[in-house]
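Report on one structure; see the data block that follows.
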Amino acid sequence: VVFVGMMSSSTLWGNISDQYGRKTGLKISVLWTLYYGILSGFAPIYSWILVLRGLVGFGIGGVPQSVTLYAEFLPMKARAKCILLIEVFWAIGTVFEVLLAVLVMPTLGWRWLLILSALPLLLFAVLCFWLPESARYDVLSGNQEKAIATLKRIATENGAPMPLGKLIISRQEDRGKMRDLFTPHFRWTTLLLWFIWFSNAFSYYGLVLLTTEFFQAGDFCSISSRRKEVEAKCSLSCEYLTEEDYTDLLWTTLSEFPGVLVTLWIIDRIGRKKTMALSFFVFSFCSLLLFLCVGRNVLTVLLFIARAFISGGFQAAYVYTPEVYPTATRALGLGTCSGMARVGALITPFIAQVMLESSVYLTLGVYSGCCLLAAVASFFLPIETKGRGLQESSHKEWGQEMVGRGSHSPGVTRSNSGSQE
């Protein structure tokens, strides 16, 4: 239900962010999530939990727009590194949530867990007053004075002089239009990215579900030969997670940190496309190795490596997608990709849990095959964004990055073909 909410709203939040500003879309989505997150703790019956959590998912669909806003402030050399580092906080939040559940669930129960989980959004909502709007968005929407004010504030806070030159107003154009994602220049990129994002979420959440199944079985041989026994239980019974369950959750979550470090090390060396392709390939290779009859220790290592690389590939997609689209459709492009990811997350339980009951080998084959195709799709992306400035308008070629006072050189003026001229 949460993923349905996220899927249905991702494109909407992208459209709002392109039409009315990145900060506006982000603030509304955060306040929406905060309100329904707290309200979930007061759900009187199960059906209301589903409705309210679906509305929470609807708000969470706007969270990726924080990456859009962030990317539009970052210089070319630091963009990949900074976006990857902000993704670390997703993993930190997951670890925090597990620890919070350990403390809250045995004493206060799930209602307080939902309420306390939503409260950090209140802090963000307050701090939004100091969050600047994207200067790139303001220039494209014709608010030159506001963009200049933002740049002056940044220069003052960093103790740096304003760059030389004059801020040029971009050609006014429609923003947040779906048709712009399918112009001849972007059509192939959009379709390939949709499949890449779908495969990322499909494989990532599938691995999370498979990890639980494999650990419960003890090793791969056991799960491939066992038949689950159906036990008669009260339909309203609630089984709490044990300390061992929480420990397993922490271990699998911690694997995302090495994934960030590996991606951080290679993304500016081999490029965005090859990084995503490598991540998919390693995940697919680890999935195939699970066909062997491995023990629990080897199984744990393979699952750890697979999750590290698939999470790294997800983060690389978060770097690439805002870079490849122009400012006029950047938020919408990221929003539609995020929506496709939720489709993958919706489908994956039917493979990782339902199909697993029939054939473990077929299940692993589906994930491995999907990621091999995604690796090929990554190679066939027509644009490599490494070393390129963000494109401001769909009517212009790739733009130059802002160069500070004293940094001008005749050899670095503009970037039309992706390489510095």
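Could you please let me know if residue 111 is basic (Lys, Arg) and modelled with pLDDT of 85 or more?
Yes: the conditions hold for residue 111.
If you take the residues of segment 356-409 that are among the β-branched types (Val, Ile, Thr) and under 20 Å from residue 285 (Cβ atoms), which of them is modelled with the highest pLDDT?
Among those residues, the one meeting the criterion is 376.
Tally time: how many residues in segment 44-66 are more than 15 Å from residue 5 (Cβ to Cβ), surrounded by fewer than 22 Cβ atoms within 10 Å (Cβ to Cβ) and not hydroxyl-bearing (Ser, Thr, Tyr)?
2
Return the only residue of 126, 67 being part of a helix (DSSP H, G or I) and free of Cβ contacts under 8 Å to residues at least 12 places away in the same chain.
Sole residue among the options that is part of a helix (DSSP H, G or I) and free of Cβ contacts under 8 Å to residues at least 12 places away in the same chain: 126.
Residue-wise test of (1) in a helix (DSSP H, G or I); (2) among the charged types (D, E, K, R); (3) at pLDDT below 90.
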{"residue": "3", "(1), (2), (3)": "yes, no, yes"}
{"residue": "6", "(1), (2), (3)": "yes, no, yes"}
{"residue": "9", "(1), (2), (3)": "yes, no, yes"}
{"residue": "15", "(1), (2), (3)": "yes, no, yes"}
{"residue": "23", "(1), (2), (3)": "yes, yes, yes"}
{"residue": "32", "(1), (2), (3)": "yes, no, no"}
{"residue": "44", "(1), (2), (3)": "no, no, yes"}
{"residue": "73", "(1), (2), (3)": "no, no, yes"}
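Scan segment 117-158 for residues that are among the hydroxyl-bearing types (Ser, Thr, Tyr) and over 18 Å from residue 19 (Cβ atoms) and jot them down.
117, 150, 156
Just to be sure I understand the filter: pairs with C-beta atoms under 6 Å, separated by 6 or more residues or on different chains, first member in segment 284-298 and farther than 27 Å from residue 196 by Cα and open to solvent by 80 Å² or more (accessible area, probe 1.4 Å), second member part of a helix (DSSP H, G or I) and at pLDDT below 70. Which pairs pass?
From residues that are farther than 27 Å from residue 196 by Cα and open to solvent by 80 Å² or more (accessible area, probe 1.4 Å), the pairs are 293/221.
Answer with yes or no whether residue 259 is of a type outside the set (D, E, K, R), within 17 Å of residue 205 (Cβ to Cβ), modelled with pLDDT of 85 or more and not assigned by the TED database to the domain that holds residue 74.
Answer is no for this residue.
Return the total of residues in segment 256-265 being of a type in the set (Val, Ile, Thr) and either open to solvent by less than 20 Å² (accessible area, probe 1.4 Å) or in contact (Cβ under 8 Å) with a residue 60 or more places away in the chain (or both).
Of the residues in segment 256-265, 2 are of a type in the set (Val, Ile, Thr) and either open to solvent by less than 20 Å² (accessible area, probe 1.4 Å) or in contact (Cβ under 8 Å) with a residue 60 or more places away in the chain (or both).
Which of the residues that make up segment 347-365 are under 25 Å from residue 321 (Cβ atoms) and open to solvent by 50 Å² or more (accessible area, probe 1.4 Å)?
Matches in segment 347-365: 347 only.
I'd like the full set of residues that are among the polar types (S, T, N, Q), in a helix (DSSP H, G or I) and out of contact with any helix residue (DSSP H, G or I) (no Cβ under 6 Å at 6 or more places or on another chain), limited to segment 131-157.
Result: 144, 156.
For segment 133-152, enumerate the residues that are among the basic types (Lys, Arg) and within 29 Å of the chain's Cα centre (by Cα).
If the condition is that a residue be among the basic types (Lys, Arg) and within 29 Å of the chain's Cα centre (by Cα), then 136 is the only one that fits.
Could you check segment 183-193 and list, in sequence order, the residues that are of a type in the set (Phe, Trp, Tyr) and either crowded, with 19+ Cβ neighbours inside 10 Å or outside the structural domain of residue 334 (by the TED database) (or both)?
Passing the criteria: only 186.
Please tell me if residue 121 is surrounded by fewer than 16 Cβ atoms within 10 Å (Cβ to Cβ), modelled with pLDDT of 85 or more, in the same structural domain as residue 7 (by the TED database) and more than 30 Å from residue 383 (Cα to Cα).
Spelling it out, it is not the case that residue 121 is surrounded by fewer than 16 Cβ atoms within 10 Å (Cβ to Cβ), modelled with pLDDT of 85 or more, in the same structural domain as residue 7 (by the TED database) and more than 30 Å from residue 383 (Cα to Cα).
Tally the residues that are farther than 18 Å from residue 384 by Cα and in contact (Cβ under 8 Å) with a residue 60 or more places away in the chain, restricting the search to segment 73-86.
Final tally of qualifying residues: 2.
Could you say which residue among 287, 279 is touching a Leu at 6+ places or on another chain (Cβ under 6 Å) and assigned to a helix (DSSP H, G or I)?
287
Among the residues in segment 94-110, are any in a helix (DSSP H, G or I), closer than 21 Å to residue 23 by Cβ and open to solvent by 20 Å² or more (accessible area, probe 1.4 Å)?
No, that holds for no residue.
The values are calculated or read from the model by the stated rules, or taken from the named source; none is laboratory data. Predicted model, so just to flag it, every value in this text is computed and none were measured. Cβ: placed from backbone, ideal geometry, glycine included. Neighbour counts: every protein chain shown. Remember, those area values only see protein heavy atoms, side chains included, never the ligands or the DNA or RNA. Shrake-Rupley method; radii C 1.70, N 1.55, O 1.52, S 1.80 Å.
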